[in-house]
Amino acid sequence: MRFILFLFYLTLNIVGFTQKSSITILIDPGHGGKDPGHLPLKDSLMQEKDIALKIAMKLGEYLTYNLSNVKVIYTRTTDTYPSLDDRVDQANNSNVDYMISLHVNGSPNPAIVGTETHIHNYDAKASYKWAYLIEEQFKNRAGRKSRGVKTGADIGHSLQILKYTKMPTVLIECGFITNESEGKYLNSVYGQEIIASAIFRATRDFVKAKHPKINFDPPQDLTSQPDQPHYKVQIMASIDPLKTDIAEFKKLDTPVERVEVQSTSMYKYKYYVGPFLSKKDAKKVQKSVQSNGFKDAYIVYFE
Ligand SMILES: [Zn+2]
């Protein structure tokens, strides 16, 4: 019996030591449903619950499309109200590695502006590091006024989400909707994008440092990253549009893209294969299309 128990513990230990190959992040848009959170200065502007949801969904997209091996789940994706207990339970019972709760602030004093990232206390070292990176991003990259990292002691009470979740958790106040200009910013798609991308960058840097063995490199899919420099192989140009499924293109075994050119040149249409992130990959395909009848195929670099 003792031997069997020993084997059991041994197995548990081996399982415990296996390296994680992916992580799960829980995004929690604050409030929702019957609970609007802080109210805006004007009825035409969004309530806290709506802005939190907008930023949450954008953040989830940034994390999903720009990092491999990250699973994103949410406490809500619509205007519903999970209780604080529900949110804590979901975090503790869904193999969540990190949790981000998103809020916007309000104050009777309309002059107050700025972001805050809350953690339970300074013993929560991982949460502190993450929160610090978020506030740095807000200040240095997003150009917001950072009010810094705050603990339960700093605000005089502990927050349920931060106190009872077992994993590193941050609660972000993305700005004050009771300030006219910050409220406008938080209501704008632009402001929501900037805030979400700042939280994304901080979170990316944080998880990369925490998990050096996990490959977070984004999937090599350029359709989700239109701004990344890349190469294409131009196979030909034409005056009148050719269909992209003609036999000559089909035998290339790779989809051909037709682009209409806005220029005064004779050619009005260009045909590409790609994109490729590396010039080496582009060269390989260039050789192959050249041997398949498109002798003049050449590589174009797009910035
Ligand atoms: Zn709130």
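Read the figures in this text as sums done on the coordinates, not as results from a lab. Worth saying up front: this structure is predicted, and the values here are computed from it rather than measured. Cβ atoms come from the backbone with ideal geometry, glycine included; neighbour counts cover every protein chain shown.
So here's what we get for this one:
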| quantity | calculated |
| --- | --- |
| Fluctuation leader among I194, I112, I161 - the chain, Gaussian network, Cα springs under 10 angstrom | I112 |
| Shape of the range 230-302, Cα gyration tensor, a/c cut at 1.5 | oblate |
| Rounded to whole Hz, the Karplus (6.51, -1.76, 1.60) HN-Hα couplings of the range 230-240, x for glycine and proline | 7, 10, 9, 9, 7, 9, 6, 9, 8, 8, 10 |
| Cross-link partners of K268 among lysines (Cα-Cα below 16 Å; sequence separation of 8 or more within a chain) | K243 |
| Gyration tensor over alpha-carbon atoms, the chain, equivalent ellipsoid semi-axes in Å | 45, 30, 16 |
| Computed magnitude of the charge dipole of the range 230-302 (debye, nearest 20; Cβ of K, R +1, Cβ of D, E -1) | 300 debye |
| Rg/Rh (Cα only; Kirkwood hydrodynamic radius) as it applies to the range 171-303 | 1.17 |
| Loop-located trypsin sites (Lys or Arg not before Pro) in the range 227-266 whose Cβ has at most 12 other Cβ within 10 Å (DSSP) | K243, K251 |
| Among I246, I214, I177: highest mean-square fluctuation, GNM of the chain, C-alpha pairs under 10 Å | I246 |
| Relative contact order (%) - the range 230-302, alpha-carbon pairs under 8 angstrom, separation at least six | 47 percent |
